[in-house]
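The next block holds one structure in the form of structure tokens; read it before the comments.
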Amino acid sequence: MPQFRLSHLALVGALLGLSIAPVFVTGVSTAYAADSVRPEIGKVLQAAQDDIKKQKYKEALGKVHEAEAISGRTSYENYMIDFMRAAASQGAGDYETAAKSYEAVISSGHLAGASQAKIVQALGDMYFREKEYPKAILWLTRYQSESGDTSVRPYLIQSYYFSNDFARAAKEVSADIQAEEKAGRTPSEDQLNMLASCALKQNDKAGYAAAVEKMVAYHPRKELWVDLLNRLESKSGFNDGRLGLDVLRLRYQVGILTKAEDYMNYVELALNSGYPLEAKKGIDAAYKSGVFGTGAEASRQKRLQDLVTKKVAEDAKSIAQTEAEVSKSKDGTGMVNVGYDYVTMGQFDKGIALMEQGIDKGDLKHPDDAKLHLGMAYLQADKKSKALQTFKAVQGTDGTSELAHLWAIAATHPLN
């Protein structure tokens, strides 16, 4: 009796703009070798298979109908007819008919093992393609369970997402991300984008920020940093008055300080905080990049540059005396500030030592600010391990801990 083997039939779908890897159904064998097909049916199905090989799917479907018209069919003959109809319909792009036929093939009981797993996967892919996500979830889950193949997980997670089960999609993609991290691999942008999107769909602001932080860490881009810092500054309880300069410092560090008004704020805040040389570095960068020096604000920018130059000279003359004065103070705030001023001058060892002494003296009004600035000082001194350790110790609830965490990310995952 004729025996039938299906030629390869590729399933092609799309996920987030990426092609799904083809699923090949080849060399399908039956679980019942004793089953057979009568010659009158076998001859027609053999011709249908030949048409499929030639991609003549319409003709193949016509022959399948011929076989189906023969009376007295056995269960096995129906199984072969359903299989051939599924293959021809799939090739013709009629995935609805193909899926129903493949379901009949599986329900027949004449398929088992790896052959059945391939059809189960094909069903999951086709239902995903047809946007029938609950059915896609059913079959993709079954395929993953029966085969142990996790390659379908992106499509399964997408199916949860498009079914509006954002919590389940987030749970599944989070597990995949954690597995990648545990194995020392980098989570993909698709995984992280999915995690962020699930958080947005659930209005989970903290979850979204955490996802973007991971994207900044693994796939850093300037627009991600802009989003992250904008969200931090708009967060309830964030002390912009005290931490505004530190945010601008981080924007400068990661290369997203690009507007003239932002540079102006940075320079003025640094100058008013007692760091004229830091202000000078900022204004020099603004002129070098072409942000300063042209337009209606050019004269104001020049006046600011002249003032900064004057303050730099004054600071160089007075810093030693200021250091002596703050060392006599009860609290260490002044020592921390003068120490950071030394750091901006490139005198790292002296400045860091003074900052550490100030922190040790205690009685600081904002101890977490001091730790944040010490971490930044370590980073400028190219002592990254100490910087990261110090950033980790910042625990303020007014935005300092979040800012320290972002500084740590910037230190370990620079844009350039």
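The values are calculated or read from the model by the stated rules, or taken from the named source; none is laboratory data. Not measured: the values here are computed from a predicted model. FYI the Cβ positions are ideal-geometry reconstructions off the backbone, even for glycines, and counts take in every protein chain you see. Calculation scope for accessible area: heavy atoms of the full protein, side chains included, ligands and nucleic acids excluded. Shrake-Rupley method; radii C 1.70, N 1.55, O 1.52, S 1.80 Å.
Things to note:
- Applying the condition of being among the aliphatic types (A, V, I, L, M) and under 23 Å from residue 339 (Cβ atoms) to the stretch 292-316 and asking which residue is least open to solvent (accessible area, probe 1.4 Å) yields 308.
- Tally of residues being modelled with pLDDT of 50 or more, farther than 13 Å from residue 91 by Cβ and not small (Gly, Ala, Ser) across the stretch 16-49: 10
- Meets criteria (of a type in the set (Ser, Thr, Tyr), touching a residue at least 12 places away in the same chain (Cβ under 8 Å) and crowded, with 23+ Cβ neighbours inside 10 Å) for residue 127: yes
- Filter result for residue 63 (in a helix (DSSP H, G or I) and either within 45 Å of the chain's Cα centre (by Cα) or surrounded by fewer than 16 Cβ atoms within 10 Å (Cβ to Cβ) (or both)): no
- Count - residues of the stretch 194-208 that are buried (at least 20 other Cβ atoms within 10 Å of the Cβ) and either in a loop (DSSP other than H, G, I, E, B) or free of Cβ contacts under 8 Å to residues at least 12 places away in the same chain (or both): 0
- In the stretch 287-303, the residues that are part of a loop (DSSP other than H, G, I, E, B) reach residues that are of a type in the set (A, V, I, L, M) with C-beta atoms within less than 6 angstrom, at least six apart or across chains, in these pairs: 291/260; 292/286.
- Residue match in the stretch 357-374 (condition: open to solvent by less than 10 Å² (accessible area, probe 1.4 Å) and over 34 Å from the mean Cα position of the chain (by Cα)): yes
- Inter-residue pairs, beta-carbon under 6 Å, first touching a residue at least 24 places away in the same chain (Cβ under 8 Å) and acidic (Asp, Glu) and in the stretch 355-381, second part of a helix (DSSP H, G or I) and open to solvent by less than 20 Å² (accessible area, probe 1.4 Å), 6+ apart: 368/400
- Check on residue 142, in contact with a strand residue (DSSP E or B) (Cβ under 9 Å, 6 or more places away or on another chain), open to solvent by 60 Å² or more (accessible area, probe 1.4 Å) and within 29 Å of residue 90 (Cβ to Cβ): no
- Residue in the stretch 329-337 that is more than 25 Å from residue 241 (Cα to Cα) and in a helix (DSSP H, G or I) present: no
- Residue check, residue 275 surrounded by fewer than 19 Cβ atoms within 10 Å (Cβ to Cβ), among the aromatic types (Phe, Trp, Tyr) and more than 25 Å from the chain's Cα centre (by Cα): no
- Pairs where the first residue, in the stretch 247-275, is within 13 Å of residue 301 (Cα to Cα) and the second is of a type in the set (Phe, Trp, Tyr) and open to solvent by less than 30 Å² (accessible area, probe 1.4 Å), C-beta under 7 Å, 6+ apart: 260/292; 263/292
- Of the criteria (1) modelled with pLDDT of 70 or more; (2) of a type outside the set (Lys, Arg); (3) more than 51 Å from the chain's Cα centre (by Cα); (4) open to solvent by 40 Å² or more (accessible area, probe 1.4 Å), which one residue 55 fails: (3)
- Scanning the stretch 119-171 for residues that are part of a loop (DSSP other than H, G, I, E, B) and among the small types (Gly, Ala, Ser) yields 148, 151, 163.
- The lone exception for residue 331 - which of (1) over 36 Å from the mean Cα position of the chain (by Cα); (2) under 20 Å from residue 372 (Cβ atoms); (3) open to solvent by less than 40 Å² (accessible area, probe 1.4 Å) it fails: (3)
- Hits in the stretch 375-410 (condition: of a type in the set (D, E, K, R) and surrounded by 20 or more Cβ atoms within 10 Å (Cβ to Cβ)): 402
- Any hit, the stretch 382-396, residues being under 26 Å from the mean Cα position of the chain (by Cα), among the aromatic types (Phe, Trp, Tyr) and either assigned to a helix (DSSP H, G or I) or within 30 Å of residue 207 (Cβ to Cβ) (or both): yes
- Test: residue in the stretch 339-354 that is touching a residue at least 40 places away in the same chain (Cβ under 8 Å), among the aromatic types (Phe, Trp, Tyr) and out of contact with any Cys (no Cβ under 7 Å at 6 or more places or on another chain): yes
- If you go through the stretch 253-272 and keep only what is among the charged types (D, E, K, R), within 34 Å of the chain's Cα centre (by Cα) and part of a helix (DSSP H, G or I), you end up with 261, 262.
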